[in-house]
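Taking it in order: structure first as structure tokens, then the write-up.
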Amino acid sequence: MLRIAVPNKGSLSGPASEMLHEAGYRQRKESKELVTVDPDNEVEFFYLRPKDIAIYVASGKLDIGITGRDLLLDSGANAEEILPLNFGRSTFRYATKPGTANGPEDFGGMTIATSYEGIVAKHLADLGVDASVVHLDGAVETAIELGVAQVIADVVETGTSLRNAGLEVIGEPILKSEATVIRRTGAGDDDPKVAQFLRRLQGVLVARSYVMMDYDCRAEHLERAVALTPGLESPTISPLHNEGWVAVRAMVPAKEAQRIMDDLYELGARAILTTSIHACRL
Ligand SMILES: Nc1ncnc2c1ncn2[C@@H]1O[C@H](COP(=O)(O)OP(=O)(O)OP(=O)(O)O)[C@@H](O)[C@H]1O
Ligand SMILES: O=P(O)(O)OC[C@H]1O[C@H](OP(=O)(O)OP(=O)(O)O)[C@H](O)[C@@H]1O
Ligand SMILES: [Mg+2]
């Protein structure tokens, strides 16, 4: 049975379970359940604190896990990313009251509050900056107002929390994060159960980001139309009953669908339809 760690709380928990559900896996019915078995798919899901997931996976007791790239790096655990999942996106940044410093190179002698001291200590060491790091569990923005630190390092998504605290980001982002599937470093990629799990999640990622497009066009416009909708492999072309016309079917990126429909219409294509994809294996 494949053993998989899933975030039990926080920003990644809901979207991770939703994605697993879309991939056909049974998910827990209520948030107090800590383990759920999906016998049909021979998978056991362990709902764990997202910060702990890399440690469990690195121990080899669980085969794979879903966590944030920032949490993986912060843990220093012996685990690696195998499939980024395109949700839980954030940046990890320093912030201060305006006028405190021009960049991290000015942090020498200051105190930096963060919930991610693994990332911060390494970043400062790489820069050769000698600053103190104080660990706080959350609401880190308030540490400056209350005089516990002059600088914070925290997850920034919309920037609302920083604005509300009268803080501004400083320096370049320390890292960009998103949810990702991880496995123990060096575990190899020859486990067929892991490979099947990853194919299912890849199917969800594709189904979320592509739509199926169908349209009719005159045969003489086909090459130009196909250039607009090349598909993933190659589009399907079928003859229409009306001579000189063909039907075309291709997957297109969902974000570009409206622009492509406009361009196809300009070219003379008609009956242009898009339909969503529910699941897929590439
Ligand atoms: N707005 C956000 N706030 C916090 N983490 C976020 C946000 N958006 C994305 N994330 C990602 O979620 C992960 C942090 O999840 P975690 O559950 O540890 O904290 P949380 O969502 O702040 O929950 P809580 O503070 O309630 O425990 C990180 O990978 C982080 O990059
Ligand atoms: O840029 P934003 O969209 O404002 O999101 C980022 C904020 O959200 C998180 O805090 P959370 O609400 O999880 O509270 P916490 O600090 O107690 O963890 C994070 O620690 C930041 O403070
Ligand atoms: Mg939080």
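Which FRET efficiency value, to the nearest 0.05, do you get for Ala227 and Lys9 by plugging their Cβ-Cβ distance into 1/(1 + (r/R0)^6) with R0 = 35 Å? All intermediate terms of the calculation are to be shown ahead of the outcome.
Values: r = 48 Å, r/R0 = 1.36.
Efficiency, rounded to the nearest 0.05: 0.15.
Along the range 232-239 the Karplus relation, 6.51 cos²θ - 1.76 cosθ + 1.60 evaluated at θ = phi - 60°, assigns HN-Hα couplings of 7, 9, 5, x, 8, 10, 10, x Hz to successive residues, with x for each Gly and Pro.
Across q = 0.16, 0.17 Å⁻¹, the chain modelled as identical point scatterers on its alpha-carbon atoms has Debye log10 I(q)/I(0) values of -1.11, -1.17, in the order of the q list. Taking amide H positions as modeled 1.01 Å from N, with prolines and chain starts lacking one, the residues under 5 Å from Arg49 and 5 or more places away or on another chain are Asn8.
Could you rank Leu2, Leu267 by how accessible they are, 1.4 Å probe, largest area first? Please list the in-between numbers first.
Values: Leu2 5, Leu267 25 Å².
Largest to smallest exposure gives the sequence Leu267, Leu2.
Within the straight-line cut-off of under 27 Å between alpha carbons, the lysines reachable from Lys29 are Lys9, Lys51, Lys61, Lys193, sequence neighbours fewer than 8 places apart in one chain being disregarded.
In whole percents, the pair-distance distribution calculated for the range 90-177 from its alpha-carbon pairs, binned every 10 Å from zero, is 19, 61, 20, 0. Within the full protein context, the accessible area of Tyr47 is estimated at about 10 Å² for a probe radius of 1.4 Å. Applying the Karplus relation 6.51 cos²θ - 1.76 cosθ + 1.60 with θ = phi - 60° to the range 267-278 yields 3J(HN,Hα) values of 6, x, 5, 9, 6, 8, 10, 10, 10, 7, 9, 8 Hz, where x marks Gly and Pro. For the chain, adding -39500 (n - 2.57) for each run of n ≥ 4 DSSP H residues and dividing by the number of residues yields -8000 deg cm²/dmol at 222 nm. In straight-distance terms, cross-link reach from Lys97 covers every one of the aspartates and glutamates whose alpha-carbon lies under 15 Å from its own, apart from those fewer than eight places away in the same chain; here that gives Asp106, Glu141, Glu145, Asp154, Glu168.
The values are calculated or read from the model by the stated rules, or taken from the named source; none is laboratory data. A quick note: this is a predicted structure, and the numbers were derived from the prediction, not measured. Neighbour counts run over all protein chains shown; Cβ positions are idealised from the backbone, glycine included. Only protein heavy atoms, including side chains, enter the accessible area calculation; ligands, DNA and RNA are left aside. Shrake-Rupley method; radii C 1.70, N 1.55, O 1.52, S 1.80 Å.
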